[in-house]
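A quick write-up on the structure given underneath.
The numbers here are math on the coordinates, done by the rules we state, and not lab data. Everything numeric here is computed off the predicted structure, so don't read it as measured data. Positions of Cβ are backbone-derived with ideal geometry, glycine not excepted, and every protein chain shown enters the neighbour counts.
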Amino acid sequence: MSTVCCIASCVCMYSVFYMSGEQDGVRFIGMLMLFVCAMGALIFTPSMFGLMVGWDGLGVTSFLLVIYYNNSDSLMAGMITLLSNRVGDMFFVMFLGLGIECVSWGFWDLSLGHISVWMLLMVLIASMTKSAQVPFSAWLPAAMAAPTPVSTLVHSSTLVTAGIYVLLRFSEVFSVGILNFMMMFTSIMTLTLSGMAAMYEVDLKKVVALSTLSQLGVMLFGLCMGLPVICFFHLITHAYFKSMMFLCVGVLIFVSGGVQDYRFMGGIWWKAPIVFSWLAICFGSLTGLPFTSGFYSKDIIVESVLSGDSGILKVFMIYSSVGITGLYSGRVLYDLGVKKSYFSVSGELDWSKWCLLPISVLGVCALLTGYMFSSYFNHFSEFMFMNSGSISMIMMIQGLTLTSLLIWYYGQKLLKTTNRSGFTEWFIVKMWFLSEISGNFLGSKFLDKCVNALFFVEKGWCAFFWYDGLFDVLSKGSNFYRGGQLKLMGGAVLMAFMVFISFFL
């Protein structure tokens, strides 16, 4: 919770700079505080019912924050976010219903003997929707329509990691083979999807969102490998450097005049050298550069692949995904720092304390968190089969070398344009068509079926049996009963009156 409070305070300071021209700034800060309160309920609650309260609070407040801007794009992104998370909420409610019958709502009663596999499957699906795992990954890039402070707090360190946090609380009972296999398969698919989509994405905020998606896959993979403590460690370190990355991206978009296509945002090194330096440190942590915060946690998870009975396909997909992270990180830094800008910016950036102070605070935390907490995880050194940092260095050098070769071979053609005419490029950009499933299919087909079910069930058979059947029978019976009782009571009163008169006469 201290990590959430630190990031929330920095986001509030940053919002003074970023939302200075907005009329509803107070309402915006209030919604951020409601989100932090919901996150606190999720973290501190000792029961599953209280966890459900915080879970729903995160979903509602995140929807309100995503639709902050009054336009159709924000509304569509908010609806995709809301509908995707409602699927997980449905499974969580089903889990609570079964929990009344099988176990109590306290976490201390969770054991493999008391909780069924189907209940664990419901928790897994609910957590997958909140952490944007495949096939529920499309809502996270779509939610980038929200303001940058929302993306910093909600979509980097709190909401998306809530699913991983819930799985961590259930980690002791996720020892069933089939569920562990499902989690591992989902994490590898999420890593592959996010890396491929980030290579073809040109929106800077969406690239950062896809990098968040890849790190969520890394956390889930670490949980599958039996490293819940290291997974929690990476969750904390990732929260710091990814929050700083979103703040830096917001400043760079402001400097570039609102343009989010990083192919045309060149010259940032001369416009904002301090922010660009912090952004380079963030990408270094993302790729696992030694002595950054991401290195101390991510490197152990990546090297744990060599510790167990891992197939060659799993090893290849994990290490290729890590290499792709270095590839698109090098490409983004090259476009932002080396290339020239294609437009002139009107106005200069006001380097106030509300802009640089939160970035610097998160930057210091991102640099020192990994080193400060690394001493608590020395007993995991048996997973380090190679020298410390060798795997991360190899993957990072692999990605940066491949980036340099692509720049040298293709020149400006590859970096200025992205050919999306082929089916393969379209398939990758659409995130394996998951956005179509989450948007059109879930929004129209599924809801249409729900409306039909409402009409035929709630207003059809139920109305027929209740209003025309049972209700009619009950009403007639009650009328008959009440009429018969009144007649009987009237006869008794008349008989008593006749007896009374005859007695006194």
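Taking the Cβ-Cβ separation of Met90 and Tyr69 as r and a Förster radius of 30 Å, what is the calculated FRET efficiency to the nearest 0.05? Result of the calculation: an efficiency of 0.60.
A simple charge model with +1 on the Cβ of Lys and Arg, -1 on the Cβ of Asp and Glu and nothing else charged puts the dipole of the stretch 1-149 at about 100 debye relative to its Cα centre. Exposure proxy ranking for Glu172, Glu201, based on other Cβ atoms within 10 angstrom of each Cβ and starting from the fewest, stands as Glu172, Glu201. Extension gain for the segment Gln23 to Val229, taken as residue separation times 0.36 nm less the Cα-Cα distance, is 69.8 nm to one decimal. Panel order for Ile274, Ile301, by other beta carbons found within 10 Å of each beta carbon, from fewest to most: Ile274, Ile301. If you take the Cα centroid of the stretch 227-268 and the Cα centroid of the stretch 75-100, the two points sit 28 Å apart. Listed cross-link partners Lys205/Lys298; Lys130/Lys339; Lys130/Lys205; Lys271/Lys298 are compared with a 27 Å cut-off, the Cα-Cα value being larger for Lys130/Lys339; Lys271/Lys298. Maximal additional length on extending the Tyr371-Phe44 stretch stands at 115.1 nm, based on 0.36 nm per residue less the C-alpha distance.
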